[in-house]
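Nothing in this text is a laboratory measurement; each read-out follows from the coordinates by a stated rule. Only a predicted model underlies this, so the values are computations on that prediction, with no experimental measurement involved. Every residue, glycine among them, receives a Cβ derived from its backbone with ideal geometry; neighbour counts consider all protein chains shown.
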Amino acid sequence: MKKDTFFFVFSLMGSVIGYFILQSDLHASVTGDMLVKLGKGLVYGSSALALIFFILLFTPQAFRAWKKFAIWFIPLAALLFIFYPNPGSGDFFSPYPEQVVRWVSCLYVAISILIIAWSSFRNKKQT
């Protein structure tokens with residue numbers, strides 16, 4: 001199995017696990033809030049990763065350029081998801097954690113697609 005395929009399948013599994021965490025009855029427990037946070041982070045974050053790995057399956061020459069970006073963005077995003085506090089209002093200046101996860105995931109996808117497109121364009125231009 002190629003490494004791109006492995007990463008794609010692994011990220012899809014993360015999305016499925018996050019979905020099942022959100023759908024489970026464990027929310028009533030003491031650790032319910034933490035599980036909801038984990039589930040939402042897995043659903044949005046892993047779905048964004050799966051989308052990018054799917055694109056990289058068709059543009060393997062761009063993997064190296066994308067990896068330079070992802071190697072610092074993904075850990076920073078994970079730390080933000082873990083330590084982001086629960087705000088009160090949910091407006092633009094103090095968004096809910098779910099909104100932050102969505103925004104960061106969308107930003108990750110947008111930047112990743114730009115990097116992959118630029119790298120693919122540059123590789124085609126050189127050949």
Got the relative contact order for the chain handy, in percent, Cα pairs under 8 Å and 6 or more residues apart?
-> 28
Cβ-derived FRET efficiency at R0 30 Å, residue 36 paired with residue 124, nearest 0.05 = 0.10
What spacing in nm lies between the two simple spin-label points modelled at residue 109 and residue 3, each 7 Å away from Cα in the Cβ direction?
-> 2.5
Mind checking which of 58, 69, 93 has the largest fluctuation in a GNM of the chain, springs on alpha carbons under 10 Å?
-> 93
Taking the chain as the reference, fit the longest principal axis to its C-alpha atoms, fit the long axis of helix 63-83 to the helix C-alpha atoms, and give the angle between the two in degrees, 0 to 90, nearest 10.
-> 10
So how compact is the chain: Cα radius of gyration and Dmax in angstrom?
-> 16.5, 58
The extension gain from residue 67 to residue 24, computed as 0.36 nm times the residue separation minus the Cα-Cα distance, is 12.1 nm
